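Have a look at the structure below, then the notes.
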Amino acid sequence: MDRRSFVRASVGTVAMSACERRGSESFPGSWGLVSYEQVLPSGEVLRPFGASPSGMILYLANGYMSAHLSVNNPARFASDDSFQATAEEAAKAWQTYFGYWGTFKVDTEKAVVVHRVEGSSFSNWIGTEQVRHFRFDWADRLILETPSSSGLFKAIWQRKAAETNGRA
């Protein structure tokens, strides 16, 4: 092996290790939703939570996760008692918010993260495994994509800065 081939092979190995490390060790933390879109098979792009969605996904070091997506500034209910919501208010809230929680496992070889859903605002997901293809960009952004028969769902998340809450 000549010197250039060795250097190329070594750099490739270092890059692979960094990518793998980035895949499994970079998940834990808080991530704010930057954008969420569905690309239909026709190519049309839908934004079910609007142009400026709100949301957070949490990945904990112990293997638990929680994801929440919503429209930005959702409509307020007439009553502060959620049990007093009208059918129209409840339907609108259900259409403009989505959340689930459970555990996660990262497969760096396949570049997927599997969310094992324990609870969800969409009960059909409970007990399922939701597979997300992932990649990171260099600006601390996590991109999760989910291909399906109804198109490609793409969520872009930005790592949240740690807050000290007055602690050093």
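Bear in mind these aren't lab numbers, they're just calculated from the coordinates by the rules spelled out. Only a predicted model underlies this, so the values are computations on that prediction, with no experimental measurement involved. All Cβ positions, glycine included, derive from the backbone under ideal geometry; neighbour counts span all protein chains shown.
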Projected area averaged over orientations for region 123-163, convex hull of C-alpha atoms, nm²: 4.5 nm²
Relative packing of peptides 102-108, 143-149, 61-67, 80-86 - highest average C-beta neighbours within 10 Å first: 102-108, 61-67, 143-149, 80-86
Length added when fully stretched, S150-E25, from 0.36 nm per residue minus Cα-Cα: 41.9 nm
Gain in span if fully extended, K105 to L40, counting 0.36 nm per residue against the direct Cα distance: 20.6 nm
Dipole magnitude (debye, nearest 20) for region 92-139, charges at Cβ of Lys, Arg, Asp, Glu: 120 debye
Over 16 Å [Cα-Cα, region 25-75], rounded percent: 51 percent
Overall Cα dimensions of region 78-145, principal axis frame, Å, largest first: 49, 30, 15
Inverse mean reciprocal Cα-Cα distance (Kirkwood Rh) of region 36-168, Å: 16.7 Å
